[in-house]
Amino acid sequence: MDRLDGSAHLMIVSDLDFTMVDHLDPDNLGLLRFNAMWEAYYRQDSLLVFSTGRSPTIYKELRKEKPLLTPDISIMSVGTEIMYGESMIRDEDWEQYLNQNWNREIVTEETAQFPELTPQSETEQRPHKVSFFVEKIKALKVIRFLSERLEKRGLDVKLIYSNETALDVLPKGAGKGQALAYLLEKFKVDGKMPVNTLVCGDSGNDAELFGVPEVYGVMVSNAQEELLQWHAENAENNPNIIHATERCAAGIIQAIGNFSLGPNVSPRDIGDFKKCKVEIYNSCHEVVKFYLFYERWRRAEVAKNMQTPNLIFFPLGTFVHPSGVEQPVNHCIDVMARLHGDKQGTDYRIWVDRVSSEQVGSDTWRMKFYKWEAFGEEQHGCLTTVLLSSKAKVPDGFTWMHMHQTWLEGSEPKDQTTWLF
C-alpha cells in the first residue's frame, strides 16, 4: 500500500484463472504480453491487484507454473483474505471485520446435511470460506435451502456459485467486491485514491467486482455464462463495462485501450524497435526491451548480424554472474554471440518482474528487478541490479554500465554455464 507516494495512475484488479492466466495457452503469450506492458509502462506509478478464489497455498503453486508478476496486493479465497506485497502481509483488520455474525462450525454442521455437496480440498477450506463442488443442475435448489437453514441459525452469510461447479459459503461482508470496496476506502482515507481502477473477470465470483462504483470493467471474451447473465440483468447499460473480443490477459490489454487508461501496446508486439518509435521511452522500457531482444536472440528470432549488444553496453563495463564471478562485458558479448539460436524451436521465455528505477545522478539510473527464464518445466530467477547512463550517444536509449545478479532462493539452475545477463 505504501510503495507509491501518491495516488496510483491505474489500479488493475484481476481474477487469475481464465482471466489473467489462460490455461488453454501453453505458451502463455497473452500473459507475457501483459507482463512486458506492465513493467515497461505501469509498474512505477500504478498498482496490480490479483483477486482470486484460490487460497494462498494453491496461488503459490500457480506462481511456480506460470510467469505471473508479483502483485502489490493479493485478494485471496474469494475476498476473505487480503495480503500486501511480496511478503503477503495479512490485513488482520479485514479478517476481524469478517468475524461478525460468522460461525464456521455452524456452517459445516448445516452443509453436512446436503449430500449433493462435495467438499473441496483441505487447502481451500479457509477461516472465512467453506467450499464445495455441486452439479449445476442441483445448485439452485441447494443454495435456496442452505441459505434458509443458515439464516435460521442466525448467520449472515453469502453463497457464491461459480465456474458451474464451485460453491463457496462466506460471511455476508466478504467477497471480491467488498474486499475491493474496503481497499478503496483505505486509499480514500489516506488521500491516495487511484485515478482509475479497472476490474477484470470471467466467472460468477467476479460479478461483485463490476458492481463497485466508479470502476471500469472488462469481462474477457471467454467469460462464462453466469457472469454474462449477471451483466445482462444488472449492468447492461453501463458504458464502463465491456465484453472484450480477446481472451484473458489480451482482453485486459484491449480494455486499457478501449477506456484510454494508458499505453496499450505491449513491447512484445513490437517486432523491430528500430523501426517503431514508442510514445513512452524510459529506463523501465529499456530493461524490458533488452530482455525481449535477448530472448529473441536465443530463439533465433532476430538476425545474428544485429549489433545491439555492442551498442548498449559500456565497453569497460562488468557483469557479475549470480554465482559471484565477475566478467568483463566484452567477454559476455562474445559468449552471447555463440548462444544465438541455441533455444530455437523451444518454449524458452524471459520476463522481468518488479522493475524499479531510481535516478542516482543527473544522467544515471539504478535499476532493480527480478529476471526470470523459463524452459520446459523449469523456472529460474535472479535479483538483478543494473546501472544505466543516458550520457552516451545511443539513439533513444541508455548505455548499460554495470550489471550484478544474485540467485533468488531455490531458483538457480544446475547448469549455469549458459546463464547470461
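Starting from the Kirkwood radius over alpha-carbon pairs of region 285-421, derive D by Stokes-Einstein at 4 °C in a medium of 1.567 mPa s and give it in µm² s⁻¹.
Value of D from the Cα-based Kirkwood radius: 85 µm²/s.
Would you calculate the convex hull of the Cα atoms in region 1-128 and tell me its volume per residue in Å³?
128
Only Cα pairs under 8 Å and at least 6 apart count here; give the relative contact order of the chain as a rounded whole percent.
Once divided by the residue count of the chain, the mean separation gives 15 percent.
Can you tell me which of SER46, SER87, SER323 moves the most in a GNM of the chain? Springs connect C-alpha atoms under 10 Å apart.
Sorting by GNM fluctuation, first place goes to SER87.
Just the C-alpha atoms of region 104-183: what Rg/Rh do they give, with Rh taken as the Kirkwood radius?
0.94
Mind checking which lysines have their C-alpha under 18 Å from LYS152, skipping anything on the same chain fewer than 8 residues away?
LYS141, LYS172
Of the peptides 231-242, 188-199, how do they stack up when ordered by the mean number of other Cβ atoms within 10 Å, highest first?
Per-residue mean Cβ counts within 10 Å order the peptides as 188-199, 231-242.
Using a Gaussian network model of the chain whose springs link C-alpha atoms within less than 10 Å, name the residue from PRO71, PRO263, PRO115 with the highest mean-square fluctuation.
The residue with the greatest mean-square fluctuation here is PRO115.
Looking at the chain, what % of its DSSP beta bridges pair antiparallel, to the nearest 5?
Looking only at bridges with both residues in the chain, the antiparallel portion is about 70 percent.
Show me the three semi-axes of the equivalent ellipsoid for the chain, from the C-alpha gyration tensor (sqrt of 5 times each eigenvalue), largest first, rounded to whole Å.
44, 22, 20
Calculate log10 I(q)/I(0) of region 210-272 for q = 0.18, 0.23, 0.30 Å⁻¹, where I(q) comes from the Debye formula with a single equal point scatterer on each Cα and nothing for solvent.
Debye intensities relative to I(0), on a log10 scale: -0.66, -0.97, -1.35.
Quick one: what are the phi-derived ³J(HN,Hα) couplings along region 69-85, Karplus 6.51/-1.76/1.60 with θ = phi - 60°, whole Hz, x for glycine and proline?
Per residue, the Karplus-derived 3J(HN,Hα) values read 6, 7, x, 6, 9, 10, 9, 10, 6, 6, x, 9, 9, 10, 9, 10, x Hz.
Would you look at the GNM of the chain, springs on alpha carbons closer than 10 Å, and say which of CYS332, CYS284, CYS382 moves the most?
Result: CYS332 has the largest fluctuation of those listed.
Packing-wise, with mean Cβ within 10 Å as the measure, how do 173-184, 408-419 rank, highest first?
173-184, 408-419
Roughly how big is region 6-71's charge dipole about its Cα centre, with Cβ charges of +1 (Lys, Arg) and -1 (Asp, Glu), in debye to the nearest 20?
That gives region 6-71 a dipole magnitude of about 220 debye.
When the expected Rg is taken as 2.2 N^0.38 Å, what fraction or multiple of it is the alpha-carbon Rg of region 137-204?
1.45
Computed on alpha carbon atoms, what radius of gyration and Dmax characterise region 74-225, expressed in Å?
16.1, 50
Which pairs, out of LYS129/LYS158; LYS289/LYS368; LYS60/LYS289, put more than 19 Å between their alpha-carbon atoms?
Table pairs above 19 Å Cα-Cα are LYS60/LYS289.
Could you tell me which of ILE73, PHE319, VAL287 has its Cα farthest along the dipole of the chain towards the positive end, charges placed at Cβ (Lys, Arg +1; Asp, Glu -1), taken about the Cα centre?
PHE319
Distance in nm between label sites at GLN96 and THR385, each 7 Å beyond Cα in the beta-carbon direction?
3.8
Under 5 Å between amide hydrogens, which residues at least 5 positions from ILE241 or on another chain qualify, with H placed 1.01 Å from N in the peptide plane?
For ILE241, whose amide H was placed from the backbone, the distant partners under 5 Å are GLY217.
Which helices of the chain meet both criteria: a Cα extent of 30 Å or more along the helical axis and a mean Kyte-Doolittle score no lower than 1.0, with helices taken as whole DSSP H segments?
None pass (Cα extent of 30 Å or more, hydropathy at least 1.0).
Note down the relative contact order for region 153-225 as a percent, whole number, built from C-alpha pairs under 8 angstrom at least six residues apart.
29
Bin by bin, in steps of 5 Å, what percent of the Cα pairs in region 1-71 do you find, going until the bin that has the longest distance?
Histogramming region 1-71 at 5 Å steps yields 3, 15, 26, 24, 18, 10, 3, 1 percent.
Using a 1.4 angstrom probe on the protein heavy atoms only, line up MET401, MET76 by accessible area, largest first.
MET401, MET76
With the dipole of region 338-379 worked out from charges on the C-beta (+1 for Lys and Arg, -1 for Asp and Glu) around the Cα centre, which of GLY341, GLY361, TRP351 lies farthest toward the positive end?
With unit charges placed on the Cβ atoms, the residue in question is GLY361.
The values are calculated or read from the model by the stated rules, or taken from the named source; none is laboratory data. Given the structure is predicted, the values throughout are model-derived calculations rather than measurements. So basically every Cβ, Gly included, is an ideal-geometry build from the backbone, and we count neighbours across all protein chains shown. SASA here: full protein model, heavy atoms, side chains in, ligands and nucleic acids out. Shrake-Rupley method; radii C 1.70, N 1.55, O 1.52, S 1.80 Å.
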